[in-house]
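**Q** What follows is a structure written as C-alpha cells; I'll ask about it next.
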Amino acid sequence: MGRPDPEEGQLPAPVKPPDGGWGWIVLLGCFVITGFSYAFPKAVSVYFKELMKDFHVGYSDTAWISSIMLAMLYGTGPVCSIMVNQFGCRPVMLIGGLLASAGMILASFTTNIIELYLTAGVLTGLGMALNFQPSLIMLGTYFDKRRPLANGLAAAGSPVFLSSLSPLGQVLLEKFGWRGGFLIMGGLLLNCCTCGAVMRPLDMGMKRKMGKAQDKYEAKEMLPIGGKSEEGISTTDGTKKGKKAKKKPKKGKKLLDFSIFSNRGFIIYTISKFILVLGLFVPPILLVNYAKDTGVPDTEAAFLLSIIGFIDIFARPACGMVAGLKWVRPHVAYLFSFSMLFNGLTDICSARASNYTGLVIFCVFFGISYGMVGALQFEVLMAIVGSQKFSSAIGLVLLIEAFAVLIGPPSAGRLVDALKNYEVIFYLAGSEVVLSALFLGVASYCCLNRGKKEPPPENNPSAGGGSDTEEAESDVQEAEEHSSNNHQPAHSTDNAVVVASEEANHVAEEQRGEGGGCPAGDGEVLARDGCNADQMVERDSF
C-alpha cells in the first residue's frame, strides 16, 4: 500500500548489478564466446589449401567460408535482438551453441563447396551470432561500476583464441585431415552451450516479493493488534488480487526497439562505427602480403600477425582498467575517439615502411590501438543507450557494420589488384579511421554537450553517460516520493505509532459525542478527522 504496483503499467524496478560474485563466471563465459566468435572464422583458413585440393576450387572460393561466417555474425544482429527480447539470453545461447556445433559436424561430411557454404558458413555463423550478442547483454547486466574492465577482459578472448585455435587447427589437419579437424572443431564449439548455461538471469522478481512483505508489515504497524489487523491485511491482499485479475492483459514487450534512433548519441556512434569498419580490418588482412612484397621471408611475415595478437592480449584489459577510472569514465566516448585516431595515424605513418624493423614497430603500435578500439567499442554503446535498450542497439549496429565489412576489405583487395601498390591502401584505410575518430569526437562535443545544457523532458529516459545503477536508484526514489504524496507514511518508530493511535482514538471519541461522522477524502485526511485505521487501510487498498 502506498507504493506503485509494477502491474499498473509500470516496468519492474531493475535489479542492481552485483559487479562481482556470479558475474565473474558470466565474464568467463563471455570471454570464451568472444574468442570463438572473432577467432574461429580466421582459424578456419588453416584448412583452405586442403579444401582447394579436394574440391578443385580456387582460394577466393574457399575464402567465402570465412566471409559468410562474419556476414552472419554481423548481419543477423536484429534477429538475435528479437530472439533475446522474446525468449531471454540463456535459451538463445543454448540454441546457438547447438547450431554452431552442428554446422561444423555436418561440414565434415560435405562433398562440394556449396554444402560447405551452407554448413560451416551459414549454420555455424548463425550459431556464433546467437551466442555473441546475448553474452554481451548479460555482461552489461551483471556489471556496472566495473563494466569497462569487464568489457576489456571479455574482448581479450579474441586474440587469445586466435593465437591458440590456429596452431590447434594445423595439428588437427596433419593428424586427422580436414574432415577430422572439422569434426573435432564442432565438438569444441559445444562449449558455447556450457557458456550459455552459466548465463543466469538476475532475479527481477525479488523486489516484488520484498514489496509484498513490506505492505503486510505496514498494515500491521498501522492497525491495532488483534482480529482487525488480520482483516485489514486480508482485505489489502484480496483487493490487489482483484486488481491483477482485472489487468491481466498486458502490453507486449517490443521485440526490436527502434526508439533508440531518437537518441543523438546513438546516431553519432553508428555513423562513426560504419566509417571505422571500412578501414579498420584492411591493414591486418593485407599485412602479410605487403611484407612479402617488400622482401620479408614468409615465416617472418606470418610472425607479424602474432606480434599484433600478443600486444592485443594485454592492451584490451589495460584499456578497460583505464576506462573504469572515475575521472575517465564520464568521457569514455572521447577515449574511444582517441583510440581510433591513434589507430588511423598508425596506418598512415606505416604506409612507407620498407623493412622488417619498420613493420615490427607498426605491429606494436597497431596492436595497442587495435586493442583499445576492441575494448571500448561496446562499452561506449552501453554507456549511450543503457542496459535496458542495449539488446536492440547492438543488433542494429551490427547490421549496419555488416555492410561496411562487405564494402571495406573487398574494395581494398580490388584496389591492390588494380594499382599494385599497398602504400595507397594504407593511406586510404588510415584516413577512413581518422575521419571516424574526428566525427565521433567533434559531434559528441558539439551535439551532446549542447543537449546537456537544455532541461531534459520529464518522460524521456536518460540516453547515456550515467550508470544503470544510478538510473535504477532514481526510479526507486521517484516511486517513493509518489507514494508519500498520495498516502500516509508507514515507516515510523513504535512510539510514534502509539502516539498517533491515541490521538486518533481521542478525536474519534469527541466526534462520537458530538455526533460527527467520517468525511470523505484521502486516507491521510480521514485518519486525522476521526476515522479509524481500519477504514483508512480499506480506502488505501482501493
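The values are calculated or read from the model by the stated rules, or taken from the named source; none is laboratory data. Fair warning: this is a prediction, and the values are worked out from it, not measured in the lab. Backbone-built Cβ (ideal geometry, glycine too); neighbour counts: all protein chains shown. Accessible surface is based on the protein model in full, side chains and every heavy atom, while ligands, DNA and RNA are left aside. Shrake-Rupley method; radii C 1.70, N 1.55, O 1.52, S 1.80 Å.
**Q** With a 1.4 Å probe and all protein chains left in place, how much accessible area per residue does the stretch 94-194 have, in Å²? Could you put the intermediate results ahead of the total?
**A** Details: 3530 Å² over 101 residues.
That works out to 35 Å² for each residue.
**Q** At q = 0.11 Å⁻¹, work out log10 I(q)/I(0) for the stretch 16-219 with the Debye formula, treating every Cα as an identical point scatterer and leaving solvent out; two decimals please.
**A** -0.54
**Q** Give the carbon-plus-sulfur fraction of the accessible surface of the stretch 257-449 in %, rounded to a whole number; probe 1.4 Å, heavy atoms of protein chains only.
**A** Numbers: 5920 of 8230 Å².
Ligands and nucleic acids excluded, carbon and sulfur reach 72 percent.
**Q** Using 0.36 nm per residue, how much length does the chain from residue 327 to residue 86 gain when fully extended, once their Cα-Cα distance is taken away? Before the final figure, lay out each step's value.
**A** Working: separation 241, 0.36 × 241 = 86.76 nm, distance 3.75 nm.
Gain in length upon complete extension: 83.0 nm.
**Q** If DNA, RNA and ligands are ignored and the probe is 1.4 Å, what is the ranking of 72, 185 by accessible area, most exposed first? Show your work: numbers first, answer last.
**A** Numbers: 72 40, 185 5 Å².
Accessible-area ranking of 72, 185, largest first: 72, 185.
**Q** Test of understanding: what is the full-extension gain from residue 190 to residue 288, defined as 0.36 nm times their sequence separation minus their Cα-Cα distance?
**A** Details: separation 98, 0.36 × 98 = 35.28 nm, distance 3.23 nm.
Gain in length upon complete extension: 32.1 nm.
**Q** Can you tell me the length gained on complete extension of the stretch residue 355 to residue 262, counting 0.36 nm per residue apart and subtracting the Cα distance? Show your work: numbers first, answer last.
**A** Numbers: separation 93, 0.36 × 93 = 33.48 nm, distance 4.94 nm.
Additional length available on full extension: 28.5 nm.
**Q** Shifting gears a bit: If you roll a 1.4 Å probe over the heavy atoms of the protein chains, what accessible area per residue do you get for the stretch 257-449, in Å²?
**A** On the way: 8230 Å² over 193 residues.
Counting only protein heavy atoms, the per-residue value for the stretch 257-449 is 43 Å².
**Q** Let me ask something else. For the stretch 16-219, what % of the accessible area comes from carbon and sulfur atoms, probe 1.4 Å? Mind dumping the intermediate values first?
**A** Details: 5720 of 8240 Å².
Accessible surface attributable to carbon and sulfur in the stretch 16-219 totals 69 percent.
**Q** Ranked by accessible surface with a 1.4 Å probe, highest first, in what order do 163, 350 come? List each step's numbers first, then the result.
**A** Details: 163 75, 350 10 Å².
Final ranking, largest accessible area leading: 163, 350.
**Q** Rg and Dmax in Å for the stretch 257-449, alpha carbons only: what are they?
**A** Calculated on Cα positions, Rg and Dmax stand at 17.2, 53 Å.
**Q** Oh, and also: With respect to the cross-link table entries 42/175; 16/273; 145/389, which display a Cα-Cα separation exceeding 25 Å?
**A** Numbers: 42/175 20 Å; 16/273 30 Å; 145/389 18 Å.
Pairs exceeding 25 Å: 16/273.
**Q** Just read off the accessible area of residue 431 with the full protein assembly in place, 1.4 Å probe, to the nearest 10 Å².
**A** That residue has around 60 Å² of solvent-accessible surface.
**Q** With the crude spin-label approximation of a point 7 Å out along Cα→Cβ, what separation in nm comes out for residue 57 versus residue 198?
**A** 3.6 nm
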